[in-house]
Amino acid sequence: MNDLTDILERADRAVGSLPLPPDGFERLRRYQKRRHRRNRMMVGAIALLVAAGGVGSVALLRAVRPAPPHHPSTTTSPSPSSTPGVIPVGLIAQRSMGGGPAQLLGPFWFGVGMDNSCLSAGPLAIGPSWTFQDGGHDCVKALGHDPIHIGQARGGVHRDGDPRPTTEFNAVYGLVTHAAARVDLVWSTGEVATVRPVDGRYLLVWSGNAWPVRADVLSADGKTLSAVFLTPP
């Protein structure tokens, strides 16, 4: 019996001298504290980004969801030289065709030409066939000693087989002295359309109900050579 007691006492002393293993529960608590501390730091960082104006948040969202690529449009709108229904103002874009001025209105080119010793205005035979509707025009005779002769016209022109409506037009045209550098057509609003004579001939074509009230002929140095008041035909 004494031998058994001695053995148990020695075993108890041996066990008591061994180091105790770390406590598993304490390790779990330390892990939970570390994770809670990291979560609080992350929440604080996000709050700072939002308080700074959301720039960081927007950047984060863009990083997570990139914006779709932008593909620029390749379609363009045409820019006609003269738009029907709008009175022309400023220096009018024209070309020299057949020895006189030519102007584009809608899809048609208009010009001036001599017919039986009379100067008249109308569409030029350019492009597909079309049908001309003469609404009345003046026959401008030779200039003589006058600084300007004026003719006025109305009408319409329609491209054959085209479903679009007829292009209605008005025209002021005529002859000026070779000393003339430009002809100013003045509208009732005070706005001015300027045309340059070509070989002593001038032309203005437009569409709509408005009509210029005066035609001024000016020299290269700006001197007024003549001023003629106009009334619709």
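The values are calculated or read from the model by the stated rules, or taken from the named source; none is laboratory data. The structure displayed is predicted, hence computed values, not measured ones. All Cβ positions, glycine included, derive from the backbone under ideal geometry; neighbour counts span all protein chains shown.
General remarks:
- When E191 is tested against (1) crowded, with 16+ Cβ neighbours inside 10 Å; (2) touching a Gly at 6+ places or on another chain (Cβ under 9 Å); (3) modelled with pLDDT of 95 or more, only condition (1) is not met.
- Here G151 meets each of (1) touching a Cys at 6+ places or on another chain (Cβ under 8 Å); (2) touching a residue at least 60 places away in the same chain (Cβ under 8 Å); (3) not hydrophobic (A, V, I, L, M, F, W, C) with one exception, condition (2).
Here is a yes/no grid of residues against (1) free of Cβ contacts under 8 Å to residues at least 40 places away in the same chain; (2) more than 26 Å from I126 (Cβ to Cβ):
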site	(1), (2)
H178	yes, yes
V183	yes, no
G190	yes, yes
G208	no, no
S226	no, yes
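- Residue, surrounded by the fewest Cβ atoms within 10 Å (Cβ to Cβ), within the stretch 101-120, restricted to residues that are free of Cβ contacts under 8 Å to residues at least 60 places away in the same chain and not hydrophobic (A, V, I, L, M, F, W, C): N116
- Of A210, A171, all but one fail to be hydrophobic (A, V, I, L, M, F, W, C), buried (at least 22 other Cβ atoms within 10 Å of the Cβ) and within 25 Å of P107 (Cα to Cα); the exception is A171.
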